[in-house]
Each structure stands twice: as structure tokens, then as C-alpha cells.
Amino acid sequence: MTGVYHEGSLAVQERVGVRDLADHVGRSIGSGIKTVAAAFLEQQPLLVVGAADPATGRVWASALTGTPGFARATGPHRVSVAGGPPSADPLATALATRGTEVGTIALDPRTRRRMRLNGVAEPTARGFAVAAGQVFANCPKYLQKREAYEVVADRTPGARRRGTRLTDAQAAFLAAADTAFVATVRPEGADASHRGGHPGFLRVDSPHELSWRDYPGNAMFLTLGNLAADPRAGLLVLDWTTGTTLQLTGEAHTEFAPDGERTVRFAIEEAVETPAALPLRWSAPRYSPANPLPAR
């Protein structure tokens with residue numbers, strides 16, 4: 001089963017002592033889009049994409065929205081996405097460039113289900129498509145349940161604010177978040193994953209750094225494995241009510257404590273805040289029963 005993992009993930013699995021479990025769980029990773037996965041994807045109004053900007057090499061995560069069906073399987077190994085990010089989005093160039101390695105995650109807060117699909121992007125007349133290389137689902141751990149959403153048709157995105165450090169308002173925004181999306185890259189690939197917890201699970205350590213505990217998960221260690229191989233990373237946090245997004249790019253590494261606790265530290269190189277970026281307004285969350293209490 002080592003074929004589905006690269007050296008970074010294998011090294012973390014060995015360090016944590018979960019190689020056998022990782023081999024078992026890794027059997028769920030395939031390259032084909034099953035019927036149930038295709039049906040799930042077609043119901044989603046939100047897709048998160050992670051990739052490296054070919055111009056700068058920086059890794060970002062971006063949120064795409066549309067009427068359910070805007071992202072759909074158009075073959076057993078292909079997903080087509082209608083539309084794409086705005087021209088000023090950090091990933092606009094990447095998704096318009098043939099051959100860009102991308103990671104995607106479709107997350108449904110209504111059912112606490114998520115699907116990940118990693119592959120190679122190519123521009124199309126209507127947006128872009130992804131040739132799937134890895135397709136798999138994750139358990140509902142740390143996913144907050146949101147019962148419903150509405151589309152705010154007259155919501156207009158505000159001016160993007162760029163900086164190299166967090167403002168006080170952005171630090172408070174991160175501290176109040178219960179969900180984040182992490183983009184990472186690996187040799188010949190990219191990945192987008194979810195992190196969640198009670199508000200406070202993201203810790204702002206300074207205007208230039210934040211951190212979070214790596215809670216127990218599926219034992220594959222795809223994200224931490226990617227960081228072991230390549231520290232570049234992107235983080236996306238969104239306001240589920242106002243649609244505001246905060247995109248961060250930088251480098252991250254994992255600290256392993258003697259008691260087994262793991263902490264990811266993210267050094268910020270650039271921050272992009274877009275008020276009212278997304279037209280979706282979700283209902284209030286019901287926190288996952290798996291969420292640990294945030295450290296004080």
C-alpha cells in the first residue's frame with residue numbers, strides 16, 4: 001500500500017506508529033469517481049481548491065461557489081467546474097494553466113460529509129476540469145453541522161485587502177473560526193484538506209504566525225506528510241454568514257511533543273482578505289461532538 005503515499009507521509013506514519021493502520025485506510029483511495037461520489041459532488045454549492053501559483057510558487061486555497069451542479073463528474077476520472085475564481089484571486093492564474101496540480105475538497109455542512117479529489121487541472125471553455133488521480137472520502141470528525149444555506153443574490157464582494165501580517169481584526173476573525181481549509185503540495189501533486197474545532201482551535205501566536213493542534217484523524221497524514229516534504233502551504237478561513245474570506249500563504253511545519261501531541265505552526269508570508277466574497281449565508285453551527293476543548 002505504500003504506493004498511495006510518498007516519503008513524507010510514510011515518515012510521519014512511522015514516527016507516530018500507524019503504518020499498518022495507514023495501509024488499511026489507504027485502500028479507500030482510488031482514482032475513479034464512484035456513482036455515490038458523483039452524486040454527492042453535484043449537490044454542493046461550494047468547492048475549495050488548493051494549488052501553487054505558477055508565477056510565485058506560493059500555495060493558496062480558494063473557495064469557489066455556484067448553483068449545485070457547477071462542479072460535477074463528467075467522466076469516471078474527470079470533474080468539470082463551471083466558472084472559476086475572480087481574476088484577482090491568488091489561484092486565478094494556476095487554474096487557467098494547463099497541467100497545474102490541484103487538490104480539491106467538497107464539504108457539505110448539512111450532512112457533515114466531505115469528498116477529496118486531487119489531480120491535474122486544465123482550462124475549459126466554461127471554467128476548468130480536473131483529471132482525477134486520487135479520490136476519497138473522510139470521516140465526519142471535527143465537521144460542524146450547518147443545517148441550511150441561502151444564496152444572497154445582491155451580495156457584492158468588497159475590495160481585497162493584502163498584507164504581510166495579520167491586522168487585529170483578522171486575528172480576531174481567525175480566533176473565532178471553527179473551520180479552516182489547508183492547501184499543501186507534494187512531489188507531483190497537491191492536496192486540500194479540512195481542519196475544524198471549537199472557536200479558538202486556531203491560535204494566533206503573533207501577527208506573523210498561527211498554530212493549531214493536529215487532532216487524531218484517519219492516520220494517512222497526507223497534509224503533514226506533504227509539509228514534511230515541502231513546507232509551502234495555504235490556509236483559507238471563511239465567514240459562513242457574511243461570506244468574507246481570509247486567504248493566507250506561507251510555510252508550515254509540525255512539532256511533535258514527547259506526549260504524542262502534534263502542533264502545526266504556520267508562518268504567514270501574505271494575507272488576502274475579501275469582504276463578502278461568497279454569496280452563501282449558512283445557518284448557525286452545531287459543533288462536532290468530536291471537537292476537543294481548545295487549549296487555554
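Based on this model, can you work out whether Ala277 counts as assigned to a strand (DSSP E or B), crowded, with 17+ Cβ neighbours inside 10 Å and not β-branched (Val, Ile, Thr)?
no
Search region 141-182 for residues being in a loop (DSSP other than H, G, I, E, B) and polar (S, T, N, Q), and hand back the single one that is least open to solvent (accessible area, probe 1.4 Å). Before you say what the answer is, go through the steps one by one.
Just the residues of region 141-182 that are in a loop (DSSP other than H, G, I, E, B), to begin with: 141-144, 147-148, 152-160, 164-167, 176-178.
After this cut, where a residue has to be polar (S, T, N, Q) as well, the list is 144, 156, 164, 167.
Working: Gln144: 5, Thr156: 104, Thr164: 90, Thr167: 67 Å².
Residue satisfying both the conditions and the ranking: Gln144.
Against the definition (open to solvent by 40 Å² or more (accessible area, probe 1.4 Å) and under 21 Å from Ala172 (Cβ atoms)), how does Thr242 come out, yes or no?
For Thr242, the condition - open to solvent by 40 Å² or more (accessible area, probe 1.4 Å) and under 21 Å from Ala172 (Cβ atoms) - is met.
Which of (1) closer than 19 Å to Pro140 by Cβ; (2) in contact with a Gly (Cβ under 6 Å, 6 or more places away or on another chain); (3) of a type in the set (A, V, I, L, M) is the odd one out, the single condition Val182 does not satisfy?
(2)
Check Gly57 against each of (1) more than 18 Å from the chain's Cα centre (by Cα); (2) open to solvent by less than 30 Å² (accessible area, probe 1.4 Å) and name the one condition it does not meet.
For Gly57, the failing item is (1).
If you go through region 113-140 one residue at a time, how many are in a loop (DSSP other than H, G, I, E, B), in contact with a strand residue (DSSP E or B) (Cβ under 8 Å, 6 or more places away or on another chain) and either within 25 Å of Pro199 (Cα to Cα) or aromatic (Phe, Trp, Tyr) (or both)?
1
Is region 11-31 home to any residue that is of a type outside the set (D, E, K, R), assigned to a strand (DSSP E or B), within 29 Å of Gln247 (Cβ to Cβ) and open to solvent by less than 20 Å² (accessible area, probe 1.4 Å)? Lay out the reasoning, then the answer.
Filtering region 11-31 down to residues of a type outside the set (D, E, K, R) leaves 11-13, 16-18, 21-22, 24-26, 28-31.
Remaining after also requiring assigned to a strand (DSSP E or B): 30.
This time we only want the ones that are within 29 Å of Gln247 (Cβ to Cβ), so: none.
Within region 11-31, none of the residues are of a type outside the set (D, E, K, R), assigned to a strand (DSSP E or B), within 29 Å of Gln247 (Cβ to Cβ) and open to solvent by less than 20 Å² (accessible area, probe 1.4 Å).
In region 200-213, how many are open to solvent by 20 Å² or more (accessible area, probe 1.4 Å) and under 13 Å from Glu261 (Cα atoms)?
Of the residues in region 200-213, 1 are open to solvent by 20 Å² or more (accessible area, probe 1.4 Å) and under 13 Å from Glu261 (Cα atoms).
I'd like to know if region 250-273 contains one or more residues that are among the hydroxyl-bearing types (Ser, Thr, Tyr), part of a loop (DSSP other than H, G, I, E, B) and within 18 Å of the chain's Cα centre (by Cα).
no
Among the residues of region 190-199, is any open to solvent by less than 40 Å² (accessible area, probe 1.4 Å), touching a helix residue (DSSP H, G or I) at 6+ places or on another chain (Cβ under 7 Å) and within 13 Å of Arg265 (Cβ to Cβ)?
Within region 190-199, none of the residues are open to solvent by less than 40 Å² (accessible area, probe 1.4 Å), touching a helix residue (DSSP H, G or I) at 6+ places or on another chain (Cβ under 7 Å) and within 13 Å of Arg265 (Cβ to Cβ).
Taking the conditions exactly as written (in contact with a helix residue (DSSP H, G or I) (Cβ under 9 Å, 6 or more places away or on another chain) and farther than 21 Å from Arg116 by Cα), does Val204 satisfy them or not? Before the answer, list the steps.
Details: in contact with a helix residue (DSSP H, G or I) (Cβ under 9 Å, 6 or more places away or on another chain): yes; farther than 21 Å from Arg116 by Cα: yes.
For Val204, the condition - in contact with a helix residue (DSSP H, G or I) (Cβ under 9 Å, 6 or more places away or on another chain) and farther than 21 Å from Arg116 by Cα - is met.
Yes or no: Leu235 of a type in the set (A, V, I, L, M) and either within 28 Å of Arg286 (Cα to Cα) or in a loop (DSSP other than H, G, I, E, B) (or both)?
Taking the combined requirement at face value, the residue satisfies it.
The values are calculated or read from the model by the stated rules, or taken from the named source; none is laboratory data. Remember, it's a predicted structure, so these values are computed and weren't measured experimentally. We place every Cβ from the backbone using ideal geometry, glycine too, and count neighbours over all the protein chains shown. Side chains are part of the model used for accessible areas, which takes the heavy atoms of the whole protein and leaves out ligands, DNA and RNA. Shrake-Rupley method; radii C 1.70, N 1.55, O 1.52, S 1.80 Å.
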